Amino acid sequence: MERPTVLLHAEHTGPEPPRSRGPVVERIAGWSARHRKTALFGWLLLVAGAVVIGGMLGTKNLNSYDPGQSGQAERVLARPGVVQPDSETVLVQARAAAGHGVAGDPEIRQAIRQVTAALAAMPKVAADIRSPLTPGGHKLISRDGRSALIMFNVAGKTGNADQTVAAAQRAVASVQARHPDLRVAEAGQASVDRAINSVVSSDFRHAEVTSVPITLVLLLLVFGALVAAGIPLLLAGTAVTTAISLLAIPSRWLPMGSTTSSVVLLVGMAVGVDYSLFYLRREREERAAGRSKDEAIRIAAGTSGRAIVVSGLTVMISLAGLFLTGIDVFTGMAVGTIMVVGVTVLGSLTALPAALSLLGNWVDRGRIPFLGRRRTAARRSRVWEALARRVVAKPVLIGGAAAVALAALAAPALGMRLANPGFRDLPTSVPVVQNLLATQRAFPGGPAPAEVVVTGRDLTGPAVQHAVAALQGRAATSPALREPVTTTLLGHGQVLVVSVPLAGGGTDATSNQALATLRDQVLPATFGRVGGVNYAVTGMTAGNHDFAAQLDATMPLVFVFVLGLAFLLLMVTFRSVFIPLMSIALNLLSIGAAYGVVTLIFQHGYLHGPLGFSPFGAIVPWIPLFMFVLLFGLSMDYHVFILSRIRELRSRGMPTKEAITTGIGASAGVVTSAAVIMVSVFSIFATLSVIEFKMIGIGLATAILIDATVVRGVLMPAAMSLLGDRNWYLPRWLSWLPGGRDRHSVAAVPEARAMAAAGRR
């Protein structure tokens with residue numbers, strides 16, 4: 001059993017190859033290792049400078065607009081001088097189904113008066129209070145007569161509405177306490193924003209506090225040494241800190257959504273740990289084989305460092321595809337994630353080799369009992385190599401079975417339905433969500449009406465007033481529209497907002513059909529006949545519809561962009577046309593399987609109890625595209641790392657099938673470790689409250705798990721075995737592409753044969 005090890009050691013202890021200038025990646029890492037103090041100081045200066053810049057500038061909260069007609073209306077409402085206050089509603093209804101209703105129940109009427117009086121006593125909190133007990137207030141009573149709405153606008157600055165509304169919520173809660181037999185429930189945009197801000201802030205702190213300790217524990221299990229485990233965590237942490245701080249710069253002209261920082265944390269931790277593991281694994285392997293510290297770092301830079309650069313470029317190319325959608329919410333996410341990946345790649349090529357050079361053998365200090373010695377050796381995995389050997393022997397049977405299984409798992413995604421959860425973004429245990437659901441049942445379309453934004457001249461004139469009256473008349477008779485239709489004049493008479501409740505739940509097919517009726521039939525017959533005015537419809541239903549329409553129109557372009565550039569990058573990297581085609585096909589299969597799991601869980605409602613969410617029969621529209629671009633890039637980490645090792649062995653003269661099994665065995669440890677850590681970090685997001693975070697966490701964790709097991713252990717060796725030497729086929733007319741044979745064929749054919757012999761033994 002020991003003879004192959006001795007042979008390998010003898011091969012490695014010969015004279016070191018002469019140092020050459022080498023590729024750019026190797027030269028950067030070599031310079032960082034030789035000037036380690038300068039490189040580390042430069043990295044720390046970058047991090048500190050980013051934090052200072054971010055603190056001085058601060059991240060601006062620019063408005064993010066929906067595409068299409070709803071975005072046009074939102075821009076009008078965001079004009080200087082046009083201030084649209086947040087609207088709130090208070091639902092008052094009898095809890096018992098056999099109640100007398102608003103007209104015949106004195107307790108309901110008393111509660112309405114108490115809420116109205118409490119709000120009127122706070123002019124700095126509530127304005128424009130409308131009661132169902134005032135003249136014309138019958139429109140604020142439900143059709144069955146059991147429920148009533150009190151409507152008001154939040155006073156003060158709109159930017160502080162989520163803080164101002166707290167006083168109104170306390171006043172309403174006080175009335176509720178006096179009438180336990182009634183439901184007295186407040187809901188609206190300001191109260192929802194307050195709840196979301198509180199939940200998102202709490203979730204983000206939970207993700208930060210939970211992800212770091214879990215990652216550290218897993219890294220300790222991987223490396224068995226405290227110092228080595230801390231290096232990936234430090235790289236990922238400093239890269240995330242740098243990227244989030246630098247978001248202050250693009251936030252001056254690009255909208256950064258509330259989820260951007262969370263996504264940057266998610267991606268930064270994932271790639272930071274991945275890239276560190278790739279580098280540390282190879283550096284340890286070379287040192288264990290007898291290389292000097294500097295030579296081990298140099299070889300790690302030329303192999304794993306090169307794979308890191310290719311992986312990073314693939315991730316950034318994939319994320320850049322989001323710019324093609326033209327959707328504001330994707331812009332901030334793309335900028336933030338591209339930034340954190342770029343910073344992490346830079347740190348992997350500079351700070352990481354510098355730290356390894358400075359630490360030397362100290363990197364293995366702080367060993368964990370019973371783990372330290374075994375983990376330090378960086379050995380090959382006999383289990384994964386044996387599995388790959390079985391697959392290579394029967395690629396059609398085993399590979400075909402795995403492909404069919406993943407295709408079956410992806411099948412539910414064919415019925416995926418896209419829709420926004422609206423206020424169901426939060427769990428139903430949140431009080432404001434319960435209030436909104438109750439209001440929605442009593443007044444369909446009430447909590448989130450369509451808003452017709454009208455601009456032009458003479459908005460208070462008879463022609464416009466006649467159009468409003470005609471619209472109110474249509475709402476009273478149309479099954480698609482609801483009452484009350486209300487108007488608000490903004491910006492000193494420059495903008496008229498007409499609120500029109502729609503049938504349905506706000507995001508379902510009924511609401512979309514009602515929106516089409518309003519846009520295509522009702523408005524052309526009313527405001528369309530008024531000369532000198534323009535109108536556009538916005539609101540939750542309109543925003544979701546226009547977002548989905550823009551997504552449908554641009555998604556094919558994003559797919560072509562991402563797949564095309566990834567193909568070109570991988571073709572140049574591996575000097576092959578079949579390797580990128582195989583990698584893309586396997587990636588799409590694993591992403592499809594992740595789509596299927598997300599559809600089963602979140603659309604069909606499986607596991608909604610343990611995961612703590614309320615299914616709404618659809619997937620949030622931006623999730624599938626974001627999952628595609630992010631997963632396509634992250635999954636390539638493993639593909640590039642494993643394929644680089646296989647190509648390296650093949651270039652040393654090892655037969656293709658032996659290179660496949662040996663390369664998978666040699667890279668199994670780092671891929672398994674990286675996948676466990678990444679799946680753990682992503683799974684943390686599945687425990688958060690906001691349903692988008694749960695979808696991202698489940699989807700990404702599922703795809704990475706599939707990539708690290710089924711794809712790495714079965715489908716990749718099966719596909720490469722079937723291709724054989726065609727794996728490395730490149731047409732002659734493309735022979736000018738850079739690349740060529742691997743420079744790190746240190747022991748050439750003898751070492752390759754010895755490694756194969758060791759694997760067989």
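Consider segment 1-40. How many of its residues are exposed (fewer than 13 other Cβ atoms within 10 Å of the Cβ) and modelled with pLDDT of 50 or more?
Residues in segment 1-40 being exposed (fewer than 13 other Cβ atoms within 10 Å of the Cβ) and modelled with pLDDT of 50 or more: 2 in total.
Can you tell me which residue in segment 187-215 is nearest to the chain's Cα centre (by Cα), limited to those that are open to solvent by 70 Å² or more (accessible area, probe 1.4 Å) and among the polar types (S, T, N, Q)? Lay out the reasoning, then the answer.
To start, the set of residues in segment 187-215 that are open to solvent by 70 Å² or more (accessible area, probe 1.4 Å) comprises 189, 194, 197-198, 205-206, 208-209.
Applying the additional criterion that residues be among the polar types (S, T, N, Q) yields 189, 197-198.
On the way: Q189: 24, N197: 18, S198: 20 Å.
Per the stated criteria, the residue is N197.
Within segment 227-238, is there a residue that is within 25 Å of P427 (Cβ to Cβ), within 28 Å of the chain's Cα centre (by Cα) and not aromatic (F, W, Y)?
Of all residues in segment 227-238, those within 25 Å of P427 (Cβ to Cβ) come to none.
No, that holds for no residue.
Can L397 be described as assigned to a helix (DSSP H, G or I), in contact with a helix residue (DSSP H, G or I) (Cβ under 7 Å, 6 or more places away or on another chain), more than 30 Å from V200 (Cβ to Cβ) and open to solvent by 30 Å² or more (accessible area, probe 1.4 Å)?
Values: assigned to a helix (DSSP H, G or I): yes; in contact with a helix residue (DSSP H, G or I) (Cβ under 7 Å, 6 or more places away or on another chain): no; more than 30 Å from V200 (Cβ to Cβ): yes; open to solvent by 30 Å² or more (accessible area, probe 1.4 Å): yes.
Judged against the criteria, L397 is not a match.
Name the residues in segment 114-159 that are within 39 Å of the chain's Cα centre (by Cα) and surrounded by 13 or more Cβ atoms within 10 Å (Cβ to Cβ), would you? Talk me through it step by step, then tell me what you get.
From segment 114-159, those within 39 Å of the chain's Cα centre (by Cα) are 124-127, 149-159; that's our starting set.
Within segment 114-159, V125, A126, A127, L149, I150, M151, F152, N153, V154, A155, G156, T158 qualify.
Find the helices (runs of 4 or more DSSP H) located wholly in segment 290-353 whose residues include 1 or more that are of a type in the set (S, T, N, Q), and list them. Can you show your working first?
Numbers: elements: 293-300, 306-320, 328-349.
Correct list: 306-320, 328-349.
I'm trying to understand the selection: among the residues of segment 577-595, which are more than 21 Å from the chain's Cα centre (by Cα), of a type in the set (G, A, S) and open to solvent by less than 20 Å² (accessible area, probe 1.4 Å)?
Passing the criteria: only S583.
Go through R109, R27 for me and flag whichever is free of Cβ contacts under 8 Å to residues at least 24 places away in the same chain, part of a helix (DSSP H, G or I) and at negative phi. Can you show your working first?
Working: R109 fails: free of Cβ contacts under 8 Å to residues at least 24 places away in the same chain.
None of the other options fit; the residue is R27.
Consider M654 against the criteria (1) assigned to a helix (DSSP H, G or I); (2) more than 23 Å from T331 (Cβ to Cβ); (3) among the aliphatic types (A, V, I, L, M): it satisfies all of them except one. Which criterion is unmet?
(1)
Is there any pair with a first residue in segment 518-532 that is modelled with pLDDT of 90 or more and polar (S, T, N, Q) and a second that is assigned to a helix (DSSP H, G or I) and open to solvent by less than 60 Å² (accessible area, probe 1.4 Å) whose Cβ atoms are under 7 Å apart and which are 6 or more apart or on different chains, and what are they?
As it stands, the answer is T526/A467; T526/A470; T526/L471, since those pairs meet every condition given.
Going through segment 485-498 one residue at a time, which ones are under 19 Å from T517 (Cα atoms) and open to solvent by less than 20 Å² (accessible area, probe 1.4 Å)? Spell out the reasoning first.
Step one: of segment 485-498, the residues under 19 Å from T517 (Cα atoms) are 485-486, 497-498.
Matches in segment 485-498: V485, V497, V498.
With at pLDDT 90 or above and closer than 23 Å to Q494 by Cα as the only criterion, which of I112, I129, I150 stands out? Walk me through how you get there before you give the answer.
On the way: I112 fails: closer than 23 Å to Q494 by Cα; I150 fails: closer than 23 Å to Q494 by Cα.
After applying the criteria, what remains is I129.
Answer with yes or no whether V184 is more than 23 Å from D425 (Cβ to Cβ), over 40 Å from the mean Cα position of the chain (by Cα) and open to solvent by less than 50 Å² (accessible area, probe 1.4 Å).
Working: more than 23 Å from D425 (Cβ to Cβ): yes; over 40 Å from the mean Cα position of the chain (by Cα): no; open to solvent by less than 50 Å² (accessible area, probe 1.4 Å): yes.
In short, no.
Condition test on G663, is it under 30 Å from V192 (Cα atoms), part of a helix (DSSP H, G or I), at pLDDT 85 or above and of a type in the set (G, A, S)? Break it down into steps so the answer makes sense when it comes.
Details: under 30 Å from V192 (Cα atoms): no; part of a helix (DSSP H, G or I): yes; at pLDDT 85 or above: yes; of a type in the set (G, A, S): yes.
Judged against the criteria, G663 is not a match.
Pairs only if they're at least six apart or on different chains, beta carbon under 9 angstrom, first in segment 312-329 and free of Cβ contacts under 8 Å to residues at least 12 places away in the same chain, second of a type outside the set (G, A, S) and open to solvent by 10 Å² or more (accessible area, probe 1.4 Å); list them, first residue then second.
F323/T331; F323/V335
I'd like the residue in segment 600-611 that is at pLDDT 90 or above and in a helix (DSSP H, G or I) and, out of all such residues, is most open to solvent (accessible area, probe 1.4 Å).
The residue in question is L600.
Anything in segment 403-435 that is part of a helix (DSSP H, G or I), under 19 Å from the mean Cα position of the chain (by Cα) and farther than 20 Å from V200 by Cα? List them, or say none. I'd like the intermediate steps shown before the answer.
Narrowing segment 403-435 to residues part of a helix (DSSP H, G or I): 403-415, 422-425, 431-435.
Restricting the remaining residues to those that are under 19 Å from the mean Cα position of the chain (by Cα) gives 413, 422, 424-425.
Within segment 403-435, just A413 meets the criteria.
Determine which member of the set L352, L324, L346, L358 is open to solvent by 20 Å² or more (accessible area, probe 1.4 Å), modelled with pLDDT of 85 or more and under 27 Å from R647 (Cα atoms). Lay out the reasoning, then the answer.
Working: L352 fails: open to solvent by 20 Å² or more (accessible area, probe 1.4 Å); L324 fails: under 27 Å from R647 (Cα atoms); L358 fails: under 27 Å from R647 (Cα atoms).
Only one candidate passes the filter, namely L346.
So is A470 under 16 Å from V184 (Cβ atoms) and open to solvent by 20 Å² or more (accessible area, probe 1.4 Å) or not?
On the way: under 16 Å from V184 (Cβ atoms): no; open to solvent by 20 Å² or more (accessible area, probe 1.4 Å): yes.
No, not satisfied.
Conditions (1) part of a helix (DSSP H, G or I); (2) at pLDDT 90 or above; (3) aliphatic (A, V, I, L, M); (4) out of contact with any strand residue (DSSP E or B) (no Cβ under 7 Å at 6 or more places or on another chain), marked per residue:
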site	(1), (2), (3), (4)
V558	yes, yes, yes, yes
F561	yes, yes, no, yes
L570	yes, no, yes, yes
P580	yes, yes, no, yes
I584	yes, yes, yes, yes
V598	yes, yes, yes, no
F613	no, no, no, yes
I642	yes, no, yes, yes
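Table: residues versus (1) among the hydrophobic types (A, V, I, L, M, F, W, C); (2) farther than 18 Å from V500 by Cα.
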residue	(1), (2)
T89	no, no
E107	no, yes
R143	no, no
S147	no, yes
L182	yes, yes
Q189	no, no
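Read through the list (1) part of a helix (DSSP H, G or I); (2) among the small types (G, A, S); (3) in contact with a strand residue (DSSP E or B) (Cβ under 6 Å, 6 or more places away or on another chain), then give the number of the only condition that G49 fails.
Failing condition for G49: (3).
Quick grid of which residues meet (1) under 33 Å from the mean Cα position of the chain (by Cα); (2) among the aliphatic types (A, V, I, L, M); (3) part of a loop (DSSP other than H, G, I, E, B):
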| site | (1), (2), (3) |
| --- | --- |
| V464 | no, yes, no |
| G493 | no, no, yes |
| G528 | no, no, no |
| H545 | yes, no, no |
| A548 | yes, yes, no |
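Give V495, V522 a once-over and let me know the one that is touching a Lys or Arg at 6+ places or on another chain (Cβ under 6 Å) and of a type outside the set (S, T, N, Q).
Details: V495 fails: touching a Lys or Arg at 6+ places or on another chain (Cβ under 6 Å).
From the options V495, V522, the qualifying one is V522.
Looking for something open to solvent by 10 Å² or more (accessible area, probe 1.4 Å), within 18 Å of V315 (Cβ to Cβ) and assigned to a helix (DSSP H, G or I) - is there at least one such residue anywhere in segment 279-286?
There is no residue in segment 279-286 that is open to solvent by 10 Å² or more (accessible area, probe 1.4 Å), within 18 Å of V315 (Cβ to Cβ) and assigned to a helix (DSSP H, G or I).
Quick check: anything in segment 290-303 open to solvent by 10 Å² or more (accessible area, probe 1.4 Å), in contact (Cβ under 8 Å) with a residue 40 or more places away in the chain, within 18 Å of S635 (Cβ to Cβ) and out of contact with any Cys (no Cβ under 9 Å at 6 or more places or on another chain)? Can you show your working first?
Step one: filter segment 290-303 for residues open to solvent by 10 Å² or more (accessible area, probe 1.4 Å), giving 290-295, 298, 302-303.
If we keep only those that are in contact (Cβ under 8 Å) with a residue 40 or more places away in the chain too, we end up with 290-295, 298, 302-303.
If we keep only those that are within 18 Å of S635 (Cβ to Cβ) as well, we get none.
There is no residue in segment 290-303 that is open to solvent by 10 Å² or more (accessible area, probe 1.4 Å), in contact (Cβ under 8 Å) with a residue 40 or more places away in the chain, within 18 Å of S635 (Cβ to Cβ) and out of contact with any Cys (no Cβ under 9 Å at 6 or more places or on another chain).
Working only within segment 441-462, note down all residues that are assigned to a strand (DSSP E or B) and of a type in the set (D, E, K, R).
Narrowing segment 441-462 to residues assigned to a strand (DSSP E or B): 450-456.
Hit for segment 441-462 is E451, nothing else.
Looking at segment 217-251, which of its residues are in contact with a Lys or Arg (Cβ under 6 Å, 6 or more places away or on another chain) and assigned to a helix (DSSP H, G or I)? Can you show your working first?
Filtering segment 217-251 down to residues in contact with a Lys or Arg (Cβ under 6 Å, 6 or more places away or on another chain) leaves 223-225, 227, 251.
If the condition is that a residue be in contact with a Lys or Arg (Cβ under 6 Å, 6 or more places away or on another chain) and assigned to a helix (DSSP H, G or I), then F223, V227, S251 are the ones that fit.
The values are calculated or read from the model by the stated rules, or taken from the named source; none is laboratory data. Note that this is a predicted model, so its numbers are computed, not measured. Note that each Cβ is placed from the backbone with ideal geometry, even for glycine, and that neighbours are counted across all protein chains shown. Note: accessible area is taken over every heavy atom of the protein model, side chains too, but ligands, DNA and RNA are not part of it. Shrake-Rupley method; radii C 1.70, N 1.55, O 1.52, S 1.80 Å.
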